[in-house]
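Okay, so here's the structure we're looking at.
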């Protein structure tokens, strides 16, 4: 523990009662620092003013953490017996209390610990009582943000599980040695209390750590383990035989990779003590198991083509799931009493698991049928919403948000590292943007030193390719660049030295200084202070010389270097690929240089190692990436927010995990996500438009196709004029009581771009046809808009003013498609409703805002699209048609028509089948070779 941490802990200990009671004020912190000043002056080689400022900022930043929302839960209590509340007072909670004390020593605030206590209780109560008689199994999932503290959560859950008398806890910790070892370290610190490896800080392999350093620690009462943090520390036959420990003999915790050999060893170990039951299967009795699946969306999912059976039908017993999936299910199936909890930040693959009923050999699938819990997000968490921001979403009423000024677009990488390249791609030089990123890293490390953290870890991420050979070559070039800068800083004389310092000075003054001020203003982080160039200049040379290069891939040594530098801190530029994409924590990450392109939502999120907590140094963080990826992350930020709000909405209505799975699987906005997880093998998918608005935002550039669509739209409008219920509202023309057949015919007559996933005219036609056959969507209102500022376009008998739309600036201008951000505004969705209904919708919108269901700083002035669609009768649909000017700058590229369809909510709405072409998916989405 360094001096700043030690001093912070002394102050926190003095004010802990006020922290817990929520009565802490800034002056209380200042008073505590003054009371401790005689002691603090002996600890620090600083003047009193710097001690006050540093510790005041540190304590304020730690105690000002609060949660922006409560955990939301979807659950199915079938066959579950409530138990925790009745049993709570009878348990001594020894492991949990030790873990709390350890977290307090680490500086966790009372608020954070209370929230951890509540969320782990919420999970534990949904597991089964480990002493409950008979055969039982529970399947659940916990969803939290990337790098948001899921590991702390499941270690807390494991502590409580042992306290409640679970006998065996297995943690599946990713697919790489580095992540498994990192997780084992956390388990050692939070549960076991001793290291399980030699050569780290001390030759004694059983040196105490974490909870083992607390007064009263007794290793004999702690769970045992048959795994260690060494590279070969996974569960093995050798360990199994030499230890001679039988399952159930003593409380055990195992940290293993999702590796066929390791999982087979565990299954065989369990079955070695199992009994054969009436069905002929071998089952291990009276050893309650909690299996925690970290990164549950990675490797655990069965991606083989599923049997063609409904969930309530018998499944094909000859069907074989993927090996990892089959082994996980086989382990659970081998225990009479088992609970499975998957942890993930990207739950799409898990939600898209088709809930096949049962396989005798493997048991149930891993679909979280019993519960899904969405963890609350602390206000100081830095996720894609804060980093990249997002645009307004008229469909959900979500207000847009600006990102923080931490993202630097990269425009020069393609000539050096093309987005698509081969494994033998040779790079002779790194781009200037990467050289600049190295300088940014030196400055960020220096600023952290000036702020009183010279011994903290500092990391820079370079993730540009998945190929090991290319990573190694980039490592050589980055090291050469780093050494050149270090040499100039250390030995440069005359202009050579002055030039490099001038370059650093310019970056500091033009970028870091204004960004620091903006971040302080937007986040209120009291631990961030302005740093002058003179302070940077004083420390930059020794800080720069401390930096080293680490290659993190399967051919290099695992990244356990942080543990070897606890006292002085490690400053490293870490270069890698897939190994950096899952779960691995890069300590003190400030600078990220990231180029790997993919359209897959979950992959992009997992690659975002920069998400997480950056107390006291968020202003020093930068992300260097392409404009295309910036746009992708803005889209992801909005999509993630929409999914969380949908989750909360369904939790409020008492929906089950299967209800949510069906809703997400069939939502038109999730076609790409669905395809990621299932369309690799050409499987049929299902889709429902109920409760959504589908607007065309992707258009053809081809003039002929757009003219055909204008003609088809004109023919449709002309047909509507034949004796229909018509209103001329000046800014729009409106026809009521139009039969579904006419809308179906119109959708069949136009053609939408293949990339128009959500507003696909042929799928919409198919959906309306099926819904109208069931008595839904039988009566339509058609609106032709006339409110734009563009050219007049003749559509049927009307000349209407077009809306002007510009292409997304990230789209390739040579593409055959033209993508805009939005077509409609939310108010357009209620054009078919009368004034009393509109007032009611607006009142409901404001009420939803007051109840926290709509997130905005001020009361909304526009209606909620969700509420509009909830109020619309399920027999009624709204079709909005827009004349559109597609422009390149100020020049009109082409005239066309766009549409939006507002579909009512309906619990009885049908879904339809669709198939995504595998070749298209491989070529357009997976991209290959990036």
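The values are calculated or read from the model by the stated rules, or taken from the named source; none is laboratory data. If you're wondering where the values come from, they're calculated on a predicted model, not measured in any experiment. FYI the Cβ positions are ideal-geometry reconstructions off the backbone, even for glycines, and counts take in every protein chain you see.
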Exercise for review: Among the residues of the stretch 211-240, count how many are surrounded by 16 or more Cβ atoms within 10 Å (Cβ to Cβ) and not in a loop (DSSP other than H, G, I, E, B).
Suggested key: 4
Study note, to complete from the structure: Residue count, the stretch 118-152, condition in a loop (DSSP other than H, G, I, E, B) and over 22 Å from residue 284 (Cβ atoms), comes to 8
Practice item. Among the residues of the stretch 858-878, count how many are in a loop (DSSP other than H, G, I, E, B), under 19 Å from residue 391 (Cβ atoms) and touching a residue at least 12 places away in the same chain (Cβ under 8 Å). Key: 4
Practice item. Please determine, by comparing only the residues of the stretch 880-915 that are assigned to a loop (DSSP other than H, G, I, E, B) and at pLDDT 95 or above, which one is nearest to residue 713 (Cα to Cα). Key: 903
Study note, to complete from the structure: Scanning the stretch 360-375 for residues that are part of a loop (DSSP other than H, G, I, E, B) and within 24 Å of the chain's Cα centre (by Cα), the one nearest to residue 321 (Cα to Cα) turns out to be 365
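Criterion first (assigned to a helix (DSSP H, G or I), in the same structural domain as residue 876 (by TED's automatic domain parsing) and under 30 Å from the mean Cα position of the chain (by Cα)) does residue 823 satisfy it?
Numbers: assigned to a helix (DSSP H, G or I): no; in the same structural domain as residue 876 (by TED's automatic domain parsing): yes; under 30 Å from the mean Cα position of the chain (by Cα): yes.
Here the answer is no, as residue 823 does not meet what is asked.
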Check your understanding: Out of all the residues in the stretch 223-249, which are in contact with a strand residue (DSSP E or B) (Cβ under 9 Å, 6 or more places away or on another chain) and in contact (Cβ under 8 Å) with a residue 60 or more places away in the chain?
Key -> 223, 229, 247, 248
Check your understanding: Could you say whether any residue in the stretch 700-713 is surrounded by 15 or more Cβ atoms within 10 Å (Cβ to Cβ), modelled with pLDDT of 95 or more and in contact with a helix residue (DSSP H, G or I) (Cβ under 7 Å, 6 or more places away or on another chain)?
Key -> yes
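Listed here are the residues, each with its yes/no results for (1) surrounded by fewer than 18 Cβ atoms within 10 Å (Cβ to Cβ); (2) at pLDDT below 90.
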position: 91; (1), (2): yes, no
position: 94; (1), (2): yes, no
position: 97; (1), (2): yes, no
position: 114; (1), (2): yes, yes
position: 120; (1), (2): no, no
position: 126; (1), (2): no, no
position: 131; (1), (2): yes, no
Practice item. Output the number of the condition that residue 395 fails; it satisfies all remaining conditions of (1) at pLDDT 85 or above; (2) assigned to a loop (DSSP other than H, G, I, E, B); (3) touching a strand residue (DSSP E or B) at 6+ places or on another chain (Cβ under 8 Å). Key: (1)
Exercise for review: Answer yes or no: is there a residue in the stretch 706-715 that is out of contact with any strand residue (DSSP E or B) (no Cβ under 7 Å at 6 or more places or on another chain), part of a helix (DSSP H, G or I) and under 30 Å from residue 639 (Cα atoms).
Suggested key: no
Review point. Do we have any residue at all in the stretch 416-433 that's surrounded by 23 or more Cβ atoms within 10 Å (Cβ to Cβ) and not assigned by TED's automatic domain parsing to the domain that holds residue 5?
Key: yes
Check your understanding: For residue 447, are the conditions met, namely being surrounded by fewer than 16 Cβ atoms within 10 Å (Cβ to Cβ) and either in a helix (DSSP H, G or I) or touching a residue at least 60 places away in the same chain (Cβ under 8 Å) (or both)?
Key -> no
Review point. Is at least one residue of the stretch 733-742 assigned by TED's automatic domain parsing to the domain that holds residue 699, crowded, with 19+ Cβ neighbours inside 10 Å, touching a helix residue (DSSP H, G or I) at 6+ places or on another chain (Cβ under 6 Å) and within 20 Å of residue 912 (Cβ to Cβ)?
Key: yes
